[in-house]
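Presented below is the structure to which this report refers.
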Amino acid sequence: VQLQASGGGLVQAGGSLRLSCAASGRTFSNYGMGWFRQAPGKEREFVALINWNGGTIGYADSVKGRFTVSRDNDKNTVDLQMNSLKPVDTAVYYCAADGSSGHSRLPQNYDYWGQGTLVTVSS
């Protein structure tokens with residue numbers, strides 16, 4: 001499956017952004033989807049996950065209550081609504097597809113990755 005992330009940009013602290021990931025090539029509803037991020041000099045970290053039908057959703061503690069993940073299997077998209085952004089949220093954000101469990105927080109369990117979209121939050 002091919003993934004294309006979009007929606008990143010520059011925003012002031014306290015602002016909002018909505019990231020979107022468009023999938024193509026395989027049956028989208030077969031995959032759990034995840035969002036990860038990687039800040040400069042840091043390892044890639046889990047942000048959010050949603051299983052194939054949206055019945056299982058999970059968030060990193062650092063974003064819980066501020067970020068919301070959703071998916072539309074008819075449009076083959078998964079979105080990440082990010083509110084109350086903080087400078088520590090600055091990173092390249094990646095969407096990824098998991099063809100097995102659908103609810104893993106480990107990047108090594110994801111089979112396909114998008115190219116990433118940069119989110120910069122200024123103070």
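The values are calculated or read from the model by the stated rules, or taken from the named source; none is laboratory data. Please read all numbers here as calculations on a predicted model, not as lab measurements. Cβ atoms come from the backbone with ideal geometry, glycine included; neighbour counts cover every protein chain shown. All accessible areas refer to the heavy atoms of the entire protein, side chains included, with ligands and DNA or RNA removed. Shrake-Rupley method; radii C 1.70, N 1.55, O 1.52, S 1.80 Å.
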Could you please let me know if VAL119 is closer than 16 Å to GLY15 by Cβ, hydrophobic (A, V, I, L, M, F, W, C) and in contact (Cβ under 8 Å) with a residue 40 or more places away in the chain?
yes
Cβ pairs under 6 Å, 6+ apart or interchain, first in segment 43-64 and farther than 16 Å from VAL92 by Cβ, second among the basic types (Lys, Arg) and surrounded by 14 or more Cβ atoms within 10 Å (Cβ to Cβ), ordered by first then second residue, are ILE50/ARG71; GLY54/ARG71
Among the residues of segment 6-61, the number that are under 18 Å from ASP98 (Cβ atoms) and not hydroxyl-bearing (Ser, Thr, Tyr) is 30
Reported set for segment 56-69 where residues are under 27 Å from SER24 (Cβ atoms) and open to solvent by 50 Å² or more (accessible area, probe 1.4 Å) is THR56, ILE57, THR68
Those residues of segment 69-123 that are at pLDDT below 95 and in contact with a Cys (Cβ under 8 Å, 6 or more places away or on another chain) come to a total of 0
Reported set for segment 80-119 where residues are touching a helix residue (DSSP H, G or I) at 6+ places or on another chain (Cβ under 9 Å), farther than 17 Å from ALA22 by Cβ and open to solvent by 10 Å² or more (accessible area, probe 1.4 Å) is GLY99, SER100, SER101
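Using the structure shown, decide if ASP72 is of a type in the set (D, E, K, R) and surrounded by fewer than 18 Cβ atoms within 10 Å (Cβ to Cβ). I'd like the intermediate steps shown before the answer.
Working: of a type in the set (D, E, K, R): yes; surrounded by fewer than 18 Cβ atoms within 10 Å (Cβ to Cβ): yes.
The answer is yes for ASP72.
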So PHE28, is it touching a Phe, Trp or Tyr at 6+ places or on another chain (Cβ under 6 Å), surrounded by 12 or more Cβ atoms within 10 Å (Cβ to Cβ) and not small (Gly, Ala, Ser) | no
Flagged in segment 45-55 as over 12 Å from the mean Cα position of the chain (by Cα) and either surrounded by 14 or more Cβ atoms within 10 Å (Cβ to Cβ) or at pLDDT 95 or above (or both), in numbering order, are ASN51, TRP52, GLY54
